[in-house]
Structure formats: C-alpha cells, structure tokens
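Trainee: Take a look at the following structure, please.
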Amino acid sequence: MEVREAVLKRRSSYAISSHAINEEELRRLVEAMRLAPSCNNNQPWHAVFVRSEKTLNALKGTLSRGNGWARKSPLMVAICSRAEDDCCLSDSRAYHLFDCGLAVGQMMLAATDMGLVAHPIAGYDPLKAKEILGIPSEYVLIALIILGRPGKDVSGLSEKQLLAEKERPERRPVGENFFCDRWNMSLTLS
Ligand SMILES: Cc1cc2nc3c(=O)[nH]c(=O)nc-3n(C[C@H](O)[C@H](O)[C@H](O)COP(=O)(O)O)c2cc1C
C-alpha cells in the first residue's frame, strides 16, 4: 500500500473483531514504532503490548463508558513516556509526547497497511491502568491504542459513534489552522 493510500484509509473505527493479531503483524507494529524519528534519537517511548486474556480483561475494566466498543480488542498497546527521557529545550519544548506521537502515527499507518484497525484512545482511568500494567508512577500513560481486525458489530455505539463509523469526522477548514508566512494568515491551497 502506498503511504498516501494508508493515510487516506486510516480510520479510528469502532467495529473490531476479537480475532487475534499474529506474530508477524506484531513484529511489524513494533518495527514501525522503533524506526520513528525522535529528538537526539532518544526513543522515549515505552509500549506495553497487552495480549493475555487476564491482563486484557483487567485493562478493559479501566475504559470509560463511551469506550465499551474497545472490549472486543485482542491487543491493546499502552504508550508511556516521561519528560526526562527526551529533549527538554527552551520555550517549553518537552519533546517526549511529540516523539511518542510520531512513533504511534507510524504504527497506526503500519496497522492500516496490514488491514488492521488501530484506534487511539484517551478515555480510560490512567492510574488504575498503570497499576494493572506495573507502569512506574513517574511515567505518563499517554494513550491506549486499541488494535483489532475490522469487524461488523456496531451494537452499543452512540449516535455520534455510529455517524463517525460511517464517515470520517470533518476536519477544520485548512485556513483555520494552517498559516502561510505569518500567524493567522490563512494558507490557501489552489
Ligand atoms: C489522543 C487521542 C485520544 C483519543 N481518544 C479517543 C477516545 O477516548 N475514544 C474514542 O472513541 N476515540 C478517541 N480518539 C479518536 C478520535 O476521536 C479520532 O481520531 C477523530 O475523531 C478523527 O477520526 P479518524 O481518526 O477516524 O480520522 C482519540 C484520538 C487521539 C489522537
């Protein structure tokens, strides 16, 4: 799959099946994260790949009500980092969250390329999740990535989720947050 095709195809889908992710798929997900750029090649990301039924069930107990759809997932990845493991430069440039985002972005495109769904979420209880996974308190559990094969079951989804499942949620007009030459000067694309 071309990169552009993966970019266009990637979606935060809700309908996933519980069918397991295989070793080759897992290897490629890890590869995509490992090869991401990071400030000074610091690689601040730590990712806990949760695959055992027992730990998956415990982690699913931390999901917010709106994220019940993620209970079918056969693989949840907890993305963690801490500021001291990456560049902290002038003017509040703490790069660890940025670098983790880059690694996860690559991983999500790799998942799309393999026909998998990779849906990032922030809706979970971070302290409970950290305790379940043994993540030291000084690390930020930035996001959980819900992985699975595309499924069909959309039962239990809200109206908003059903709508988003059908059609990608709208993006802001380009000129609102893409500027040309100067802050607030809208970028126009011909
Ligand atoms: C940091 C982050 C947190 C998110 N948290 C949730 C979440 O808790 N539940 C959920 O269903 N989707 C969550 N999403 C997915 C977004 O809602 C989704 O990316 C956005 O609506 C755009 O849709 P698309 O990814 O299909 O293009 C999250 C995405 C990101 C990047």
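Trainee: When region 1-30 is examined, which residues are found to be among the basic types (Lys, Arg) and surrounded by 12 or more Cβ atoms within 10 Å (Cβ to Cβ)? Walk me through it before giving the result.
Mentor: Kept after step one, since they are among the basic types (Lys, Arg), are these residues of region 1-30: 4, 9-11, 27-28.
Within region 1-30, LYS9, ARG10, ARG11, ARG28 meet the criteria.
Trainee: Kindly indicate the residue of region 134-152 that is hydrophobic (A, V, I, L, M, F, W, C) and assigned to a strand (DSSP E or B) and also farthest from the chain's Cα centre (by Cα) among those meeting that condition.
Mentor: Taking region 134-152 and keeping what is hydrophobic (A, V, I, L, M, F, W, C), we get 135, 140-147.
Then drop every residue that is not assigned to a strand (DSSP E or B), which leaves 140-147.
On the way: VAL140: 14, LEU141: 12, ILE142: 9, ALA143: 6, LEU144: 6, ILE145: 4, ILE146: 7, LEU147: 9 Å.
Here the residue is VAL140.
Trainee: Could you tell me which numbered condition GLU159 fails, if it satisfies all but one of (1) within 24 Å of ARG65 (Cβ to Cβ); (2) of a type in the set (Asp, Glu); (3) surrounded by 13 or more Cβ atoms within 10 Å (Cβ to Cβ)?
Mentor: The one condition GLU159 does not meet is (3).
Trainee: To continue, here is another question. So SER137 passes all but one of these: (1) away from the ligand (no atom under 15 Å from the Cβ); (2) of a type in the set (S, T, N, Q); (3) out of contact with any Leu (no Cβ under 9 Å at 6 or more places or on another chain). Which condition number does it fail?
Mentor: Going through (1) away from the ligand (no atom under 15 Å from the Cβ); (2) of a type in the set (S, T, N, Q); (3) out of contact with any Leu (no Cβ under 9 Å at 6 or more places or on another chain) one by one, SER137 breaks only (3).
Trainee: May I pose another question? Taking region 32-80 only, how many residues are hydroxyl-bearing (Ser, Thr, Tyr) and without any contact (Cβ under 8 Å) to a residue 12 or more places away in the chain?
Mentor: Result for region 32-80: 1.
Trainee: State whether the residues of region 67-74 include one that is hydrophobic (A, V, I, L, M, F, W, C), assigned to a helix (DSSP H, G or I) and surrounded by 15 or more Cβ atoms within 10 Å (Cβ to Cβ).
Mentor: Of region 67-74, the ones hydrophobic (A, V, I, L, M, F, W, C) are 69-70.
Next, from what is left, pick out any that are assigned to a helix (DSSP H, G or I): 69-70.
When the remaining residues are screened for being surrounded by 15 or more Cβ atoms within 10 Å (Cβ to Cβ), the result is 69-70.
Yes, region 67-74 contains at least one residue that is hydrophobic (A, V, I, L, M, F, W, C), assigned to a helix (DSSP H, G or I) and surrounded by 15 or more Cβ atoms within 10 Å (Cβ to Cβ).
Trainee: Could you tell me whether any residue of region 170-182 is within 14 Å of SER12 (Cα to Cα), part of a loop (DSSP other than H, G, I, E, B), away from the ligand (no atom under 14 Å from the Cβ) and within 20 Å of the chain's Cα centre (by Cα)?
Mentor: There is no residue in region 170-182 that is within 14 Å of SER12 (Cα to Cα), part of a loop (DSSP other than H, G, I, E, B), away from the ligand (no atom under 14 Å from the Cβ) and within 20 Å of the chain's Cα centre (by Cα).
Trainee: If you don't mind, there's one more thing I want to ask. Restricting to region 39-78, count the residues that are under 25 Å from LYS160 (Cα atoms) and among the hydroxyl-bearing types (Ser, Thr, Tyr).
Mentor: Residues that pass the stated criteria total 3.
Trainee: With within 17 Å of the chain's Cα centre (by Cα), more than 16 Å from the ligand (Cβ to nearest atom) and within 17 Å of ILE145 (Cβ to Cβ) as the only criterion, which of VAL77, VAL104, VAL48 stands out? Before the answer, list the steps.
Mentor: Values: VAL77 fails: more than 16 Å from the ligand (Cβ to nearest atom); VAL104 fails: more than 16 Å from the ligand (Cβ to nearest atom).
Answer to the selection: VAL48.
Trainee: Let me ask another. Could you look through region 114-132, keep only residues that are β-branched (Val, Ile, Thr) and out of contact with any Phe, Trp or Tyr (no Cβ under 9 Å at 6 or more places or on another chain), and pick out the one that is farthest from the ligand (Cβ to nearest atom)? Explain how you work it out, then say what you get.
Mentor: Within region 114-132, the first condition is being β-branched (Val, Ile, Thr), and the residues that meet it are 117, 121, 132.
Within this subset, residues satisfying the condition of being out of contact with any Phe, Trp or Tyr (no Cβ under 9 Å at 6 or more places or on another chain) are 121, 132.
Values: ILE121: 4, ILE132: 18 Å.
For region 114-132, the residue satisfying everything is ILE132.
Conditions tested, residue by residue: (1) among the acidic types (Asp, Glu); (2) in contact with a Lys or Arg (Cβ under 9 Å, 6 or more places away or on another chain).
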position	(1), (2)
TRP69	no, no
PRO74	no, yes
ASP85	yes, no
ASP91	yes, no
TYR95	no, no
PHE98	no, no
LEU102	no, no
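Trainee: Pull up region 1-34, narrow it to residues that are away from the ligand (no atom under 16 Å from the Cβ) and within 19 Å of ILE142 (Cβ to Cβ), then point me to the one that is farthest from the chain's Cα centre (by Cα).
Mentor: Result: ARG34.
Trainee: Oh, and also: How many of the residues in region 33-63 are exposed (fewer than 13 other Cβ atoms within 10 Å of the Cβ) and either closer than 24 Å to ALA103 by Cβ or modelled with pLDDT under 95 (or both)?
Mentor: Total meeting the criteria: 5.
The values are calculated or read from the model by the stated rules, or taken from the named source; none is laboratory data. Not measured: the values here are computed from a predicted model. Here the Cβ is made from the backbone with ideal geometry for all residues, glycine too, and neighbour counts use every protein chain on show.
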